[in-house]
1. Rounded to the nearest 20 debye, what is the charge dipole size of the stretch 80-283 about its Cα centre when +1 sits on each Lys and Arg Cβ and -1 on each Asp and Glu Cβ?
2. Each residue of the stretch 413-426 in order: what ³J(HN,Hα) in whole Hz does its phi give by Karplus 6.51 cos²θ - 1.76 cosθ + 1.60, θ = phi - 60°, with x for Gly and Pro?
3. Net charge within 11 Å of N262 by Cβ-Cβ distance, Lys/Arg positive one each and Asp/Glu negative one each, not counting N262 itself?
4. Share of antiparallel DSSP beta bridges in the stretch 80-283, in percent to the nearest 5?
5. Which of the three applies to the stretch 241-301, rounded, prolate or oblate, going by the alpha-carbon gyration tensor with a ≥ b ≥ c and a/c under 1.5 meaning rounded?
6. Could you give the distance between the Cα centres of the stretch 92-113 and the stretch 197-254, to the whole Å?
7. In the structure displayed, which of K428/K455; K213/K299; K389/K409; K205/K299 lie more than 32 Å apart, Cα to Cα?
8. Using the Karplus curve 6.51 cos²θ - 1.76 cosθ + 1.60 with θ = phi - 60°, work out ³J(HN,Hα) for each residue of the stretch 363-370 in order, rounded to whole Hz, and write x for Gly and Pro.
Amino acid sequence: MGVDAEYIQVEAQPYEYQTSEVVENAASFQYQATEPRQESTHDVYVYEDQMQLGVDPMAQQMAVPENEMLDPQNSAPPLGELFVDRTAPESLAPWLLLLDANAMFVIHLVDSNTSYRTMANPHGKIPTWIDADGSCLWESNAVMRYLCLKHKLDPQFYATNDLNLRTRTDMALDWCTTVLFPHIRQVLDPTGYERHDATDLATAKLYLDMDFKILTDYFLRETPFVGGEYPNIADYAIGMQCLMLFATDYPLADKVRSYLYNIAENSENWNEVTGTLRDHCTAMQQEHRAYEIEADRRKKQQASFQRQLEDERFAQQVQEQQVVEEEAWKQRMEDEKQQREAEYQRRCHEMDEAMERGWNQRAQQEEQQRSAEEGSWKSRMTGKVEDLKAEIGKLREEETAAMAAFMAKKAEQEKELEELETVINQWKADKQAREEAEAARAEAEAKAAEEAAAKAASKPAAKPGVRKAAKKSK
């Protein structure tokens with residue numbers, strides 16, 4: 001939900017203007033005015049518009065009370081006349097500028113929805129400024145620049161003595177007109193606002209997010225306002241456009257809301273200039289909500305009625321289709337029944353004939369098959385007997401040959417066994433002879449050793465030196 005526009009309002013006592021009536025159907029209007037009348041709290045002149053040609057200005061002057069008449073000799077003349085529409089945000093910025101600058105001027109409240117034309121402004125643009133020298137111009141940014149330069153208003157509003165700040169202000173004004181203004185209008189009226197690059201509402205809101213990021217991160221990066229420490233004409237233009245978003249559900253970022261609040265707080269005429277616009281935005285928001293609710297109700301009602309009609313039409317079609325299908329089904333069942341009966345009779349007759357033929361054919365086939373099988377069995381049995389006889393003869397021959405081979409092998413094994421016993425006996429005899437020879441040799445060696453020992457014992461003992469020499473000679 002959008003935030004109520006009353007949020008951007010500071011507590012101040014507005015004054016009441018005595019304004020002209022709304023200018024309607026003024027294609028041939030030629031502006032005439034009475035002598036000026038001064039307000040009690042501001043040096044602002046208010047003229048009563050002459051709605052018809054040929055009205056004597058002096059006659060209208062006579063309608064002004066004498067105690068409210070301004071002495072022309074003791075006051076400065078107004079700077080010019082300003083035509084504004086209190087519900088058009090672009091026309092309120094020049095008005096707020098003139099009030100905050102305490103300038104003397106004439107205000108005309110008109111309705112921009114009517115065919116507003118004057119001889120000075122055939123284009124019908126609001127706001128329109130008619131200078132005291134007769135110059136006429138429109139376009140809000142052009143009017144504010146003109147007022148600051150022509151009438152030398154306070155430099156805080158346009159930085160006439162600072163080229164950098166003045167260029168920054170011009171850039172912000174042009175950015176507001178060419179970038180911010182179209183995106184706000186796109187969100188305000190996404191279906192009715194036609195542009196060559198028109199997008200849907202969601203995309204327009206994304207564009208606004210980027211626009212306000214440029215505002216806060218670039219134009220308000222170092223100062224609270226585009227104009228520096230105090231609001232200037234760029235802040236007035238941007239602030240008036242941002243107020244229109246309170247008629248939508250677009251949520252303003254906290255930095256942007258603080259920025260608008262600072263403008264309102266630093267302009268003592270903010271509430272008076274924007275009051276009608278804020279009320280207009282609130283009314284637009286309420287109308288929009290009511291329209292959405294009514295449109296949604298109508299849409300649901302239409303959808304419900306449409307669904308009911310479709311259900312009834314569908315039920316009728318289903319019923320008619322069921323009747324048609326039922327009749328078709330009955331006829332199809334009857335036809336199928338007759339076809340089945342005829343088919344049954346035909347098949348029964350065919351089956352009887354086929355069964356009779358089949359029985360005869362099967363009997364002949366079975367007889368032929370039995371005869372063929374019997375002949376085949378006899379031939380197989382005869383072949384098997386012959387095969388068995390041949391196999392028995394073969395087995396007998398193999399058995400005889402095997403027996404002969406076995407007997408030969410057995411005789412050969414017996415011969416080998418006898419040879420082996422002969423070898424074993426020979427080996428035993430050789431072994432016994434060797435043992436006897438060993439025993440004889442051992443006995444001879446023992447006897448020789450005994451004889452040598454006896455000889456040694458019978459010889460005298462020798463001298464030690466001689467014994468050593470004998471050992472060395474050995």
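1. The calculation lands at about 200 debye.
2. Using θ = phi - 60°, the values come out as 5, 5, 4, 5, 5, 5, 5, 5, 5, 5, 4, 5, 5, 4 Hz.
3. With Lys, Arg at +1 and Asp, Glu at -1, the net is -1.
4. Taking every DSSP beta bridge with both residues in the stretch 80-283, the antiparallel ones total about 65 percent.
5. In terms of gyration-tensor shape, oblate.
6. If we compute the Cα centre of each part, the gap is 23 Å.
7. K428/K455; K213/K299
8. Ordered by residue, 3J(HN,Hα) equals 5, 4, 5, 5, 4, 4, 5, 5 Hz.
Just so you know, all these numbers are worked out from the coordinates, no wet-lab data involved. This one's a predicted model, so the numbers in the text were calculated from it and none came from an experiment. Counting neighbours? That spans all protein chains shown, and the Cβs are built from the backbone with ideal geometry, glycine included.
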